[in-house]
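Here the structure is laid out as structure tokens; the discussion comes afterwards.
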Amino acid sequence: MITKISTITKEEQVRRILLGRIDSGYYRENEKIGSIRTLAGEFKVSKPTMGQTVSNLVIQGILKTAQRHSTFVVPTRERTVLTKTSGLLMLPSGDLYGKMTGAVAKQLGI
């Protein structure tokens, strides 16, 4: 008998927890829930993992970032899915990677 093991990524685990907190009212509309660094420490995940989770929730219109340091819950009535699509292939090495990623994120508003 073969048992199928389902694995959920850390990103998905954190996403589900954040959505649960938002749905339950633990995080209220327009409430600051913290920076990527703060959230990564709270959830014990890497900053890139937390950043990707937050970016995906921003794209879904559930969270918004301000001043590149804080993350806020978007009020339900204001939630819309962003329609911008962009692709960029980069090697994850060197100083150029960080600058390019930052520039792309800034253009997308995330």
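Just so it is clear, none of the values below were taken in a lab; they were calculated from the coordinates. As the structure is a prediction and not an experimental result, all values here were calculated from the model. Neighbour counts run over all protein chains shown; Cβ positions are idealised from the backbone, glycine included.
Amide H to amide H under 5 Å from Tyr27: which residues, 5+ apart in sequence or cross-chain, H placed 1.01 Å off N in plane?
For Tyr27, whose amide H was placed from the backbone, the distant partners under 5 Å are Ile22.
Order of 50-57, 31-38 by packing, highest average Cβ count within 10 Å first?
Put in order of decreasing packing, that is 50-57, 31-38.
Residue-wise, which Karplus ³J(HN,Hα) couplings in Hz belong to region 20-30, taking 6.51 cos²θ - 1.76 cosθ + 1.60, θ = phi - 60°, and x for glycine or proline?
The phi angles translate into x, 5, 5, 4, 7, x, 4, 9, 8, 4, 6 Hz.
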